[in-house]
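Below is one structure, written out as structure tokens, with a few remarks after it.
Bear in mind that the values in this text are calculations on the coordinates, not laboratory data. Note that the structure is predicted; figures quoted are calculated from it, not measured. Using ideal geometry, Cβ is built from the backbone for each residue, glycine included, and neighbour counts are taken over all protein chains shown.
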Amino acid sequence: LKTAASPHILAHLPIDRNSKTPLHRQVYNALRKAILDGMLRPGQRVPATRALAEELEISRLPVLAAYEQLIHEGYIAGRSGSGTYVCAAPPDRMLAARPDTHRVGGESNGTLGSAKKRHAPLRAVPLGRDEGGIRAFRVTLPALDQFPHELWSRLVARHARRLAPIHMAYGDPAGIGALRAAIADHLRTARAVRCEPEQVLVLSGSQAALRICAAVLLGRGDRVAVEEPGYPGAHAAVRASGAELVPVPVDDDGIDVEALAALRQRVRAVYVTPSHQYPLGSSMSAARRLALLEWAARHDAWILEDDYDSEYRYVSRPLGALQGIDTRDRVIYIGTFSKVLFPSLRVGYLVVPRSLWESFLDARDALDVCSPTLYQLVLAEFLHEGHFARHLRRMRGVYLRRREAMLEGLARHCLDGLSVVNADAGLHIATLLNRGSSDVAMVRRLATAGLKANPLSQCYIGESHRNGLLLGFGGFDEKTLLAATRKLGELLRA
Ligand SMILES: Cc1ncc(COP(=O)(O)O)c(C=O)c1O
């Protein structure tokens, strides 16, 4: 064949002149299968009808009929003057992605499927960074299988149906009042945060929160102290704003405040995860909390408290937030719904000292105006009606069982290759690999076995680091975790 896509295509066109299936149907079936199997890729050219007919030694008419049908159903599309191409999103894939879609017709009964519309050719889209990423032990996932989809979709549908014009216009950059009030209620009772709704700024998650903190509090080249090891997402957000990171070691009591105080450079702010240190898992002791607040007041510095998953604590009651014991307004509190609901929701919030409110509001407005109002309305009702508190209670039980399964699996299969650092809280467990093992190499090996972990070494900014695996358990049921830890054990021994 003479066209670019042609060389392998003949293998998919086993034309049988003696078959009862008409020739046009055979060509249609074969090309459609080649597209759905990925042999013909989105954006790829399909052979010209004349060339294909010649190659198959059949008349051009059945080929034309097959192409017409495929164009009609949205598998291929013609571009004037340049031939015929595979569409970016073949219709069967779109149907497969929506389990509630009922298909009519199809191969077996000889009808031509349900698509009646002519699909415009879509541009080919490259795969995203995280596509297909729900694999044990991915660290960023809550129990998505346990999410109350029914209830949530009912709320979304109800609010979408009656969305008033005012809710379709640009919204308040601070967030809708009902949601800010519901968040303040939750934070006061569940996290001992001292706040009023007027201090709550709704935004799209911790990353955005850090960008806004940097815009308000930091100048280019200012220094921000961060926990070492610490959260790479925070490192990226702070760096992107032009600030410089200064690593300060953490131990079992949290960030080493003496080391922080001993820094020779002036530090404008410190980013900490006091309730559940990311990645190692410790919680900041009361003495350290007081020392850190004292240091901030003395150095006129800000504390950025990231309270990302503190609702889940297994060894004692959840610890109150650092913000709650701050009497001098040095703490900016960062919260998110990513772990307690789901990350693609992209809703988080800041609790801002009153003296900084106007500056934060301006920075938030400048970033992307406001969060989508529809989801704020849904969330406000979800919180206000008690669904959120119920969901948290139920999830505590789910995560407790998953954590137990994880620890049991690690103890049974993996402890000759790694050791657990801390499993008191949150949705992941930090482990250390035996001396001499590279965590990056190990993570690569896990990927070939369909598993996903994060290397501890990449949470360090400085030269010296430890090798370990960060293993998420929140997103996977007990059976999956037991099987995955067995596999992990085999890889550790290999
Ligand atoms: C330390 C830490 N902070 C915050 C988050 C959540 O980030 P976001 O609100 O941007 O989804 C995560 C998620 O993995 C995290 O590990």
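The 3J(HN,Hα) values that the Karplus relation (6.51, -1.76, 1.60; θ = phi - 60°) gives for the range 198-213 are, in residue order, 5, 9, 8, 10, 7, 8, 8, x, 5, 4, 5, 4, 5, 4, 6, 4 Hz. Gly and Pro appear as x. Suppose R0 equals 35 Å; then what is the FRET efficiency for Ser153 and Ala483 from their Cβ-Cβ distance, rounded to the nearest 0.05? Computed FRET efficiency for Ser153 and Ala483 comes out at 0.70. Across the chain, Cα-Cα distances exceeding 28 Å account for 63% of all pairs.
Shape verdict for the range 276-371, please, from the Cα gyration tensor: rounded (a/c under 1.5), prolate (a/b greater than b/c) or oblate.
On the way: a/c = 2.52, a/b = 1.09, b/c = 2.30.
Oblate shape, in that a/c is at least 1.5 and b/c is the bigger or equal ratio.
Taking Cα centre as origin and charging only the Cβ of basic (Lys, Arg, +1) and acidic (Asp, Glu, -1) residues, the dipole magnitude of the chain rounds to 1540 debye. Under 5 Å from the amide H of Ala425 lie the amide H atoms of Tyr314, each residue being 5 or more positions distant or on a separate chain, with H modelled from the backbone and absent for Pro and chain starts. With 5 Å bins beginning at zero, the pair-distance distribution over Cα atoms of the range 209-334 amounts to 2, 12, 24, 25, 22, 11, 3, 1, 0 %. Look at the dipole of the chain built from charges on Cβ: of His465, Ser437, Ser355, the Cα furthest out on the positive end belongs to Ser437. Going through the cross-link list Lys339/Lys479; Lys452/Lys479; Lys33/Lys487, which pairs have a Cα-Cα distance over 26 Å in this structure? Pairs exceeding 26 Å: Lys33/Lys487. Given +1 at the Cβ of Lys and Arg, -1 at the Cβ of Asp and Glu and no other charges, the dipole of the range 359-422 around its Cα centre is 500 debye to the nearest 20.
For n ≥ 4 DSSP H runs only, could you compute -39500 (n - 2.57) per run for the chain, divide by its residues and tell me the 222 nm figure to the nearest 500? Walk me through the intermediate numbers first.
Values: 16 runs with 190 residues, N = 494.
That calculation yields -12000 deg cm²/dmol at 222 nm.
With the simple model of a label 7 Å out from the Cα in the direction of the Cβ, Ser316 to Tyr170 spans 4.8 nm.
A simple rule links phi to the HN-Hα coupling: the Karplus curve 6.51 cos²θ - 1.76 cosθ + 1.60 with θ = phi - 60°, which for the range 232-243 gives x, x, 5, 4, 5, 5, 5, 4, 4, 8, x, 8 Hz, with x for Gly and Pro. Computed over neighbours whose Cβ is under 13 Å from that of Leu155, the net charge equals +1, Lys and Arg +1, Asp and Glu -1. Legend: calculated FRET efficiency, Ala441 to Val369, from the Cβ-Cβ distance at R0 = 51 Å, rounded to 0.05, equals 0.70.
Given their separation in residues at 0.36 nm each and the Cα-Cα distance between them, Leu144 and Arg394 gain 88.7 nm when the chain is fully extended.
When the Cα positions of Tyr314, Leu263, Tyr67 are compared along the charge dipole of the chain, Tyr67 comes out farthest toward the positive end, with charges on each C-beta of Lys, Arg, Asp and Glu.
Close amide H partners of Glu228, meaning residues 5 or more places away or on another chain with modelled amide H under 5 Å apart, are Val248, Val250.
Which net charge results when you count Lys and Arg as +1 and Asp and Glu as -1 among the other residues whose beta-carbon is under 14 Å from that of Pro455?
Computed value for this residue: +4.
Residues whose amide H lies under 5 Å from that of Lys452, counting only those 5 or more places away or on a different chain, are Ala136, Phe137, Arg138; hydrogens are built 1.01 Å from N in the peptide plane. Counting charges near His391 (Lys, Arg +1; Asp, Glu -1) among other residues having Cβ under 15 Å from its Cβ returns a value of 0.
Explain nothing, just the number: dipole magnitude of the range 304-396 about its Cα centre with +1 on each Lys and Arg Cβ and -1 on each Asp and Glu Cβ, in debye rounded to the nearest 20.
On the way: 12 positive and 13 negative charges, 116 e Å.
My answer is approximately 560 debye.
Protection proxy ranking of 302-315, 280-293, by the mean of other Cβ atoms within 10 Å over each peptide's residues and highest first, is 302-315, 280-293.
Shown in residue order for the range 34-46 are the 3J(HN,Hα) couplings computed by the Karplus curve 6.51 cos²θ - 1.76 cosθ + 1.60 at θ = phi - 60°: 4, 6, 5, 7, x, 5, 9, 9, x, x, 7, 7, 9 Hz (x for Gly and Pro).
For the range 322-433, the percent of C-alpha pairs falling in each 10 Å distance bin, counted from 0 to the bin holding the largest distance, reads 11, 27, 29, 21, 10, 1.
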